[in-house]
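One structure is given below, encoded as structure tokens.
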Amino acid sequence: MATIAPTSGPVYQAGGIFWLRQGTQTRALNMVELLEMIYDRGLRDWELEPAFNATMEDLDPERVQAFLARRANSGRNPGRFKDTERVLIGMRCAVKVGETVVPTNAGMLFFGRNPQDHIPQSEVTCVLFRETVGASRYADRKVATGTLQEIIDTTEAFLNRYIAAGARIEGWKRIDIPEYSIEVLREAVINAVVHRDYSRRGEMVRVFYYPDRVEVHSPGLLLPGITVEQMQRGEVQSKLRNPVIADLLRSIPGYMEQIGSGVRFMIDETKRLGLPTPHFCEMNEVIVTFQKAPALRAPEPRLPYQGETLWGEQQEVSQEIVVQDRRAELVNSAKVRRFLMRIIIK
């Protein structure tokens, strides 16, 4: 008897081949699928790899110097930032390949002149729909490009353009009712930008603005040990797929104050404002959905009148339409004429 203990791993190796179980089928993984699986589980650091076809000239020196100056002002030894190239290597924003120093993917996303020239999947696509299904043509569309900071700010500006605010009167006070919390939506965008799987080429972060909800789609799966149920309860461990990118954003005020508690902040803040809590979903990507404030939702369409039948059941009652029988009317008219003629003759 051979006893094989069960495992939670989705991939297995036998005979030098990696096998994947899908339903009732077992098939071999190709190299692309294996690499995607490695990146999905955070086993390989995409952010530390050299940026595609990039040189140090592709980094903006003004952005680098401004960032280093900010760090120097908060440190005890400002002179340690004189050798910029060495500092970037120490920050893991650059790496030495042979005798040449080139930017890493993290360095390109943070300091690049045109990051999308080397990492096209780093842009964020924002779309406004006028109906809840999203099947018709969009009403507005904005592609946020640039560095990570510029992408986050551009996405926030797009959302701010369409978020409405209502109000109610309680006594002598006006109580504002926000449609959504812009701080919560911004936190969701930051989480998507920081924690997404950048190794997935051709897949961008997408922000869909519907009449009744906002969805933030982030490419990649959750890291091992994190489940959707944990996120829904706000019990998420602090795990980072891209720790270098997260550390760089923490150094700039206004981007990652919610260190390791972004999901908890989104849940607590929506509850505080009386808004529906976000819904988390994983379908080959991570989707966070924010429902519109109930008080500001459009009224439901009026249903047809519901009347009670003889059997006590509720069914639609249509308006009674009186249909005249034209043939019967003609027959009756002929009878009247013949009756009158007999009277006249008599």
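The values are calculated or read from the model by the stated rules, or taken from the named source; none is laboratory data. If you're wondering where the values come from, they're calculated on a predicted model, not measured in any experiment. Glycine gets a Cβ as well: all are built from the backbone with ideal geometry, and neighbour counts include every protein chain shown. Note: accessible area is taken over every heavy atom of the protein model, side chains too, but ligands, DNA and RNA are not part of it. Shrake-Rupley method; radii C 1.70, N 1.55, O 1.52, S 1.80 Å.
Looking at (1) closer than 24 Å to A144 by Cα; (2) at pLDDT below 90, which is the only condition P224 fails?
That leaves (1) as the condition not met.
Restricting to strands (runs of 3 or more DSSP E) lying wholly in the range 1-72: which have 3 or more residues that are at pLDDT 75 or above? Give the steps one after another, and end with the answer.
Working: elements: 11-14, 17-22, 25-28.
Here the list reads 17-22, 25-28.
Among the residues of the range 150-158, is there at least one that is modelled with pLDDT of 95 or more, more than 26 Å from V244 (Cα to Cα) and either among the aliphatic types (A, V, I, L, M) or open to solvent by less than 10 Å² (accessible area, probe 1.4 Å) (or both)?
Yes, some residue in the range 150-158 is modelled with pLDDT of 95 or more, more than 26 Å from V244 (Cα to Cα) and either among the aliphatic types (A, V, I, L, M) or open to solvent by less than 10 Å² (accessible area, probe 1.4 Å) (or both).
Can you pull out the residues in the range 207-228 that are polar (S, T, N, Q) and in contact with a helix residue (DSSP H, G or I) (Cβ under 8 Å, 6 or more places away or on another chain)?
Filtering the range 207-228 for residues polar (S, T, N, Q) gives 218, 227.
If the condition is that a residue be polar (S, T, N, Q) and in contact with a helix residue (DSSP H, G or I) (Cβ under 8 Å, 6 or more places away or on another chain), then S218 is the only one that fits.
Report whether or not E187 is among the acidic types (D, E), in contact (Cβ under 8 Å) with a residue 40 or more places away in the chain and part of a helix (DSSP H, G or I).
Numbers: among the acidic types (D, E): yes; in contact (Cβ under 8 Å) with a residue 40 or more places away in the chain: yes; part of a helix (DSSP H, G or I): yes.
Yes, satisfied.
Quick one: what pairs do we get from the range 224-237, first residue among the hydrophobic types (A, V, I, L, M, F, W, C), second open to solvent by 70 Å² or more (accessible area, probe 1.4 Å), C-beta under 8 Å, 6+ apart or different chains?
I226/Q237; I226/K239; V228/E282; V236/R264
Could you list, in sequence order, all residues of the range 73-92 that are modelled with pLDDT of 90 or more and surrounded by 14 or more Cβ atoms within 10 Å (Cβ to Cβ)?
V87, L88, I89, M91, R92 - these are the residues of the range 73-92 that are modelled with pLDDT of 90 or more and surrounded by 14 or more Cβ atoms within 10 Å (Cβ to Cβ).
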